[in-house]
Amino acid sequence: MNEIMVIVGRLSESFILNFRLFALTLVFSIPLGLVISFGSMSRFSPLRILVRTIVWVIRGTPLMLQLLIIYYGPGLLGMSITWPSGEAGRFVSATAAFVLNYACYFSEIFRGGIESIPKGQYEAGQVLGMTKSQIFFKITLLQVIKRILPPVGNEVITLVKDTSLARIIANKEIIMMAGEYTSKGLIWPLFATGIYFLVFVGVLTILLDWLEKKLGYFRA
Amino acid sequence: MAFLEVKNLQKYFDNFQVLKDINFSLDKGETIAIIGSSGSGKTTLLRCLNFLERPDKGSIIVDNKIIFDAMDPSTQKESEVRKKRLHFGLVFQNFNLFPQYTVLKNVTLAAELLAKEKANYKQDKKAILKEIEDRGKRLLDQVGLSDKLDHYPHMISGGQQQRVAIARALALEPDILCFDEPTSALDLELTGEVLKVIRSLAEGNTTMIIVTHEMDFAREVSDRVIFMDDGMVVEQGDPNEVFTSPKEERTKQFLYRYKQ
């Protein structure tokens, strides 16, 4: 009994890493994704082509590969700036890889959302003397958010589970922790990790549903 | 000189010339109706007046001020254009109301945003916003929607939405109000209520340009009718004359087709 409590405690502790990685990735990748989406819609074609190429590379290669390259790359390439040593470096570089990866996926969702807003909404704002930023923030943004909520929800849920990939650069996340017990012949901690993910995703699903209902007051 | 002068306006979409040398004028308080078949350039003309399209040649003069001259880039600065387009109001065929705002907010939003640019906005914020709201309510009352202030656009009919759009355009007190086929997206039974509002504006001497397919309405409401075909003003004049005894062959053909 005592052993169970100890293991659950250590699993919970390691899940904090999954959670931190999840939260930081969301906080940084959403604004970065918005910036990337603007780049991919730019009328200045060199910028547009550059941004779309980056998105293609990031979406076209495994996140696991990106984690490895971002973590080991700077050191192996002899760059002057490298990641901090130890645990901090492993976590920061994992966060960087996740932010970049998710920002690219988000940017495409944002682009789709922004481009789906009827031209008439922009024109109505224009003839009423609004500036471009007023049109974006006061007219289109909320309509975009409403439209992209389901695909964004999908990405958010995928992100929860993807955080486990951080173990590839030795971040002690929950599945890695459970794996240590498995190698000692104990299988249940591995199953237990599934419960952590299920509960977390369950909470997120409720939150997303609530948001969707909140935005249900108008049709767009 | 007339209140609005449009001179030698030309517009190309790639190599296709949509507007071929458009000239007309409009006096204050006058209502003109622009008729013509689809693709004749009527909508493009309205969009040029509202700076939604940039004419390739020609000039637009309002109240003796050149607000657009294709030859003079200084009249086309983005920051200036934003203010200049306020000379004109535009009511769209598809209303284009903002779905996330109530009927009242749709009417007041633009005025609220513009008020922020006023020097005394910070001190007099409350009074300014109150005034804007009161005006919004007054306008909605004028179009017969004072009982729908808190409704969202999807909760009201197309005819009601278009009346909100008219109130919204009026809220910024444009010198010239433009209508781009305001009833074309409406069922026949809802057309009447919108036309009634426009009619009352004409009686109140609002300066208006109305692009429409409603021939009877055009004839009744306008002080002058312009018939456009193939990017040109083919004929213009008193509505009764144009409709009963058109001079140009193309006008005759168009009106004949319409009667059938």
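The values are calculated or read from the model by the stated rules, or taken from the named source; none is laboratory data. Quantities reported herein were computed from a predicted structural model and do not represent experimental measurements. We place every Cβ from the backbone using ideal geometry, glycine too, and count neighbours over all the protein chains shown. Accessible surface areas use protein heavy atoms only, side chains included; no ligands, DNA or RNA. Shrake-Rupley method; radii C 1.70, N 1.55, O 1.52, S 1.80 Å.
Brief remarks on what is shown
- Percent carbon-and-sulfur accessible area, chain B, ignoring ligands, DNA and RNA, probe 1.4 Å: 45
- DSSP-loop GluC sites (Glu not before Pro) across the range B:225-260, with at most 15 other Cβ within 10 angstrom: B:Glu248
- Volume in Å³ per residue [convex hull over Cα atoms, computed for the range B:116-196]: 117
- Under the combined filter of DSSP loop state and at most 10 neighbouring Cβ atoms within 10 Å, the range B:220-260 retains none of its trypsin sites (Lys or Arg not before Pro).
- Expressed in units of 2.2 N^0.38 Å, where N is the residue count, the Cα radius of gyration of the range A:2-214 is 1.22.
- Between helix B:188-203 and chain B: long-axis angle, C-alpha atoms, 0 to 90°, nearest 10: 80
- Percent antiparallel among DSSP beta bridges (both partners in the protein assembly as shown, rounded to 5): 55
- Most mobile listed residue (B:His87, B:His154, B:His213) in chain B, GNM with C-alpha springs under 10 Å: B:His154
- Most fluctuating residue given options B:Ser25, B:Ser222, B:Ser59, as computed from a GNM of chain B linking Cα atoms under 10 Å: B:Ser25
- Reducing the range B:148-212 and the range A:88-112 to their Cα centroids gives an inter-centroid distance of 47 Å.
- In degrees, nearest ten, helix A:188-214 long axis to first principal axis of chain A (Cα): 20
- Helix B:249-259 axis, angle to chain B major axis (alpha carbon atoms, nearest 10°): 60
- Here the range B:24-117 is treated with +1 on each Lys and Arg Cβ and -1 on each Asp and Glu Cβ, and its dipole about the Cα centre works out to around 180 debye.
- Global size of the range B:60-218 as Cα Rg and Dmax, reported in angstrom: 16.7, 51
- When only Cα pairs below 8 angstrom with a gap of at least 6 residues are kept, chain B shows a relative contact order of 27 percent.
- According to the calculation over all Cα-Cα pairs in the protein assembly as shown, the P(r) per 10 Å bin from zero is 4, 16, 21, 19, 14, 11, 8, 5, 2, 0, 0 %.
- Top of A:Phe197, A:Phe91, A:Phe22 by mean-square fluctuation, Gaussian network on chain A, Cα under 10 Å: A:Phe197
- Chain A - percent relative contact order, Cα under 8 Å, separation 6 or more: 28
- Backbone amide hydrogens, once placed in the peptide plane, bring B:Gly89 within less than 5 Å of B:Ile176, B:Leu177, B:Cys178, excluding anything fewer than 5 places away on its chain.
- Modelled label positions at A:Met41 and B:Asn205, each set 7 Å beyond Cα in the direction of Cβ, lie 4.5 nm from each other.
- In a DSSP loop and with at most 14 other Cβ atoms within 10 Å, the trypsin sites (Lys or Arg not before Pro) in the range A:21-75 are A:Arg43.
- Accessible area buried by the pairing of A and B, both sides summed with a 1.4 Å probe, works out to roughly 2100 Å².
- Charge dipole (debye, nearest 20) of the protein assembly as shown; +1 at Cβ of Lys and Arg, -1 at Cβ of Asp and Glu: 1360
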